[in-house]
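S.K.: Below is a structure I'd like to ask you about.
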Amino acid sequence: MSRYWLPKGLRSWRGIFFTALTASIVAVVTVSIVSFPSLVEAKKNKLRTEVKPGELDDYYVFESGGHSGEIRVLGVPSMRLLKRIPVFNIDSASGWGITDKSKAMLGGLMVGDTHHVHGSYKDGTYDGKYVWVNDKANSRVARIRLDVMETDSIIKIPHAQGAHGIFPQRYPQTDWVVINSEFRTPLENNGKGNFEDASTYEGVHTIIDAHTMKIVCQIQVPCNLDLAATDYQGKYSFATSYNSEGGATISQMLAKDRDWLVVFNWDAIKAALKKGSYKVVDGVKMIDGHAGTGIAIYIPIPKNPHGVNISPDGKYAVASGKVSPTASVIAIDKLADAFAGKIQPKDCIVAEPQIGLGPLHTTFDGRGNAYTSLFIDSQIVKWNIQKAIDLYQHPKEGGTAVVDRLDIHYQVGHTMASMAETKDADGKFLISLNKISKDRFLNVGPFKPDNDQLVDISGKKMKLILDEPAYAEPHDCIIVRRDLVEPHVKQRFDMDANPDAVHKNSIERNGNHVTVRLTANAPVYGMQDVEVNQGDEVTFIVTNQDEIPDLSHGFCISDYGINFVIAPFQTKKVTFTADKPGIYWIYCTNFCHALHLEMRLRFLVKAKA
Ligand code: CUA
Ligand code: CA
């Protein structure tokens, strides 16, 4: 419901009218009017839930696109889709996977599976510079520049399959990014060993240098590693493991009642790197993280756990039980004693509240409450962390830490509250990323959209405010305050940061390689004809010389499978073989001018004699 649901003339009278209206409505209470009190609550908290035409959203959402291989940018509270950023996929509009640079970055791979998007940090909150995202399909990590919102680096994670949980260092700033491998394989996965001997399989916790995008080292562990987190002090990283059994089949992986939250000690890792306490495998520093090495501890938690999230006050790691109807709360200030051997790893657990069926991920409002997604119950459950700790110490018959439940539609995976992965968690909005929409939208055939639901968490009760259909498969997201990103975002590229930028049109032949330098300036390209010989290798370098914000051009060569967009002051480069003789019109694909249709030139490929 809009905050301006009252007729305009009544708004100034709303205090009087509210009392009268509420009283009369309570008398004939219906389900649809139950939202009334939370509307009042929302107004009290100045929570904006509507974005009118021409207004801007208060938050950016960076959302993974699952097996589409891309990530997406949305606005909150409107949930409008603002941009799709191709990462591991091929994209015809932007030319991702078609231009030389993006093609080289993808290395011939056509598919990706993006799961977790996380931003760069300074002092526990976002600095607005980058986001990182994993590719579970081909074990890669990409970095996306937020000033232009394009992918600028992709690296392959060695010795890893199912590269899954990812998290940047939060304090003092992001120098490291960690990524877990969910599937164990032999370290030297060359098909020569005994496939059946799963005891030779290992998992790795990989540390990436956030600045250079090079591997710092890998920590070798006996188990698989699922979701990841880092603390707020730059001391620890975390990984859940659901296969402490070391099984290769589902029944083997479900054998034990407890698996692990693995905690990695960054001071110990730095010391090992300094002392040279590692072996080198395929050029990578491999540190032994098995129990007893002082590198990692293994906290036993129930059962096949999934998400691990750190409370915004930095005090607790919360792991979600998945197969167990519980969450496990681990006190981060006890970890040092566990590493020192003064207490057992299990002694770091300070609560294990019963919260519901199928807990997957937990997010926070910064007011001491946790919100956990329940896949099986199709709910978000809100529970109080301190209450859970008190009840763990002093169990009470019928006592519960749960304060509210909200049905969602349907089968929620990740959930994220606004700014919840920072010390500035503001407890305003929560997104429930639901895997199944069933009947929520017009039927579009057997393969249906997912459903991202927006929830107002500013009041005591959670309130569902919006359904947003989404193409396969938004997996996770972060909700970032607009003021942390917007000042960094450019209207145009820095033209001469790209040494290829074209200022003068030219055709240059070197043997059978032809380099064409071309400007684009609405509504003309810098040349009318480009002539080459059949069989030439041709490189087109195209610069958009238009300075006006949002004036992008396209560059499509008919019948040659080449198309990309060039934003203001951007330069892109494409190389291909001119194997088809004839006249091929090159045209602008991005509507730029009244004479957009006339913005074209001839690519003349002279047939071999
Ligand atoms: Cu340039 Cu259309
Ligand atoms: Ca297990």
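The values are calculated or read from the model by the stated rules, or taken from the named source; none is laboratory data. Worth saying up front: this structure is predicted, and the values here are computed from it rather than measured. Note: ideal-geometry Cβ built from the backbone for every residue, glycine included; neighbour counts use all protein chains shown. To get the accessible areas, we keep the full protein, side chains included, count just its heavy atoms, and leave off ligands, DNA and RNA. Shrake-Rupley method; radii C 1.70, N 1.55, O 1.52, S 1.80 Å.
S.K.: Find the percent of Cα-Cα distances in the range 259-357 that exceed 19 Å, and round it to a whole number.
M.R.: Numbers: 2303 of 4851 pairs.
Of all Cα-Cα distances in the range 259-357, 47 percent exceed 19 Å.
S.K.: Report the FRET efficiency, 1/(1 + (r/R0)^6), for Y410 and D559, where r is their Cβ-Cβ distance and R0 is 35 Å, rounded to 0.05.
M.R.: After rounding to 0.05, the efficiency reads 0.15.
S.K.: Moving on. Computed FRET efficiency, Cβ-Cβ of K52 and L82, R0 22 Å: what is it to the nearest 0.05?
M.R.: On the way: r = 16 Å, r/R0 = 0.74.
Approximately 0.85, to the nearest 0.05.
S.K.: Still on this model: Which entries in the list K101/K315; K504/K606; K303/K460 go over 32 Å, if you measure between the two C-alpha atoms of each?
M.R.: Pairs exceeding the cut-off: K101/K315.
S.K.: On to the next question. When the Kirkwood radius is taken over all Cα pairs of the chain, what Stokes-Einstein diffusion coefficient follows at 10 °C and 1.306 mPa s, in µm²/s?
M.R.: Roughly 60 µm²/s, to the nearest whole number.
S.K.: Not counting ligands, DNA or RNA, and with a 1.4 Å probe, what is R80's accessible surface area in Å² rounded to the nearest 10?
M.R.: So the heavy atoms of R80 present about 90 Å² to solvent.
S.K.: Something else: Working from the pairwise distances between different alpha carbons, so that the mean of 1/r is found and then inverted, what is the range 404-501's Kirkwood radius in Å?
M.R.: After inverting the pairwise mean of 1/r, the radius is 15.7 Å.
S.K.: Keeping all protein chains in place and using 1.4 angstrom, which order do E196, E188 fall into by accessible surface area, from largest down?
M.R.: If we order E196, E188 from most to least accessible, we get E196, E188.
S.K.: So, one more: What figure, in Å² to the nearest 10, do you get for the accessible area of W585 with a 1.4 Å probe and non-protein molecules left out?
M.R.: Its accessible surface works out to 100 Å², give or take rounding.
S.K.: Dividing the alpha-carbon radius of gyration of the range 82-166 by 2.2 N^0.38 Å (N being the number of residues), what value is obtained?
M.R.: It is 1.08.
S.K.: How large is the accessible surface per residue of the range 526-609, computed with a 1.4 Å probe and reported in Å² as a whole number?
M.R.: 46 Å²
S.K.: Starting from the 7 Å offset along Cα-to-Cβ, what nm value, one decimal, do you get for the label separation of D288 and D579?
M.R.: So the label points at D288 and D579 sit 5.3 nm apart.
S.K.: Once you place label points 7 Å from the Cα toward the Cβ at V281 and R482, how far apart are they in nm?
M.R.: If labels sit at V281 and R482, their model points lie 4.8 nm apart.
S.K.: Tell me, what is the 1.4 Å probe accessible area of D559, in Å² to the nearest 10?
M.R.: Estimated to the nearest 10 Å², D559 gives 110 Å².
S.K.: What is the projected area of the convex hull of the Cα atoms of the range 91-220, averaged over all directions, in nm²? Walk me through the intermediate numbers first.
M.R.: On the way: hull surface 35.0 nm².
Averaged projected hull area, Cα only: 8.7 nm².
S.K.: Around T519, what is the net charge, scoring Lys/Arg as +1 and Asp/Glu as -1 over all other residues with Cβ under 10 Å from its Cβ?
M.R.: +1
S.K.: Something else now. For V51, V318, what's the largest-to-smallest order of accessible area, 1.4 Å probe?
M.R.: Largest accessible area first, the residues go V51, V318.
S.K.: Straight-line reach only, C-alpha to C-alpha below 23 angstrom: list the lysines that K448 could link to, leaving out same-chain residues fewer than 8 apart.
M.R.: K83, K136, K435, K438
S.K.: Using the structure shown, list the pairs from K387/K428; K103/K274; K256/K423; K285/K334; K122/K214; K235/K274 with a Cα-Cα distance above 26 Å, or answer none. Walk me through the numbers before you get to the answer.
M.R.: Values: K387/K428 21 Å; K103/K274 37 Å; K256/K423 35 Å; K285/K334 29 Å; K122/K214 20 Å; K235/K274 16 Å.
Correct reply: K103/K274; K256/K423; K285/K334.
S.K.: Given a Förster distance of 25 angstrom, what is the FRET efficiency for V489 paired with K214, based on the Cβ-Cβ distance and rounded to 0.05? Write out the running numbers ahead of the final one.
M.R.: Details: r = 27 Å, r/R0 = 1.08.
Using R0 = 25 Å, I get an efficiency of 0.40.
S.K.: Follow-up. In deg cm²/dmol and to the nearest 500, what is the mean residue ellipticity at 222 nm of the chain if only DSSP H runs of at least 4 residues count, each as -39500 (n - 2.57), divided by the residue total?
M.R.: -2500 deg cm²/dmol
S.K.: Mind ranking 435-446, 133-144, 205-216 by how tightly packed they are, going by the mean number of other C-beta atoms within 10 angstrom, highest first?
M.R.: Per-residue mean Cβ counts within 10 Å order the peptides as 133-144, 205-216, 435-446.
S.K.: Still on this model: Based on the Kirkwood radius over alpha-carbon pairs, what value in µm²/s does the Stokes-Einstein equation return for the translational diffusion coefficient of the range 139-203 at 37 °C and 0.692 mPa s?
M.R.: The calculation lands on 237 µm²/s.
S.K.: Determine the gain in length on full extension of the stretch L273-D390; use 0.36 nm per residue of separation and subtract their C-alpha separation, reporting nm with one decimal.
M.R.: Details: separation 117, 0.36 × 117 = 42.12 nm, distance 4.06 nm.
Between L273 and D390, full extension yields 38.1 nm more.
S.K.: First select every other residue whose beta carbon is under 11 angstrom from the beta carbon of D500; then total the charges, Lys and Arg +1, Asp and Glu -1. Kindly include the intermediate steps, with their values, before the conclusion.
M.R.: Values: positive: K101, R517, K572, K573; negative: D100, D496.
Neighbourhood net charge equals +2.
S.K.: While we're looking at this one, here's another question. Residues with beta-carbon under 9 Å from that of E70, excluding E70: net charge, scoring Lys, Arg +1 and Asp, Glu -1?
M.R.: +1
S.K.: Still on this structure, I have one more. Mind listing the Cα extents of the range 241-313 along all three principal axes, in Å, largest one first?
M.R.: Extents along the principal axes, in whole Å: 40, 37, 21.
S.K.: What would the Debye formula give as log10 I(q)/I(0) at q = 0.16, 0.18 Å⁻¹ for the alpha-carbon point model of the range 546-609, no solvent?
M.R.: Here log10 of I(q) over I(0) equals -0.58, -0.70.
S.K.: With 25 Å as the cut-off, how large is the P(r) tail for the range 145-263, expressed as percent of Cα-Cα pairs?
M.R.: Cα-Cα pairs of the range 145-263 separated by over 25 Å account for 28 percent.
S.K.: Right, here's the next one. Working out 0.36 nm times the residue gap between N189 and E598, then minus their Cα-Cα distance, what length gain in nm do you get to one decimal? Write out the running numbers ahead of the final one.
M.R.: Numbers: separation 409, 0.36 × 409 = 147.24 nm, distance 5.50 nm.
Going from the current span to full extension adds 141.7 nm.
S.K.: Same structure, new question: Please express the shape of the range 498-609 as an equivalent ellipsoid: the semi-axes are the square roots of 5 times the eigenvalues of the C-alpha gyration tensor, given largest first in whole angstrom.
M.R.: 24, 15, 11
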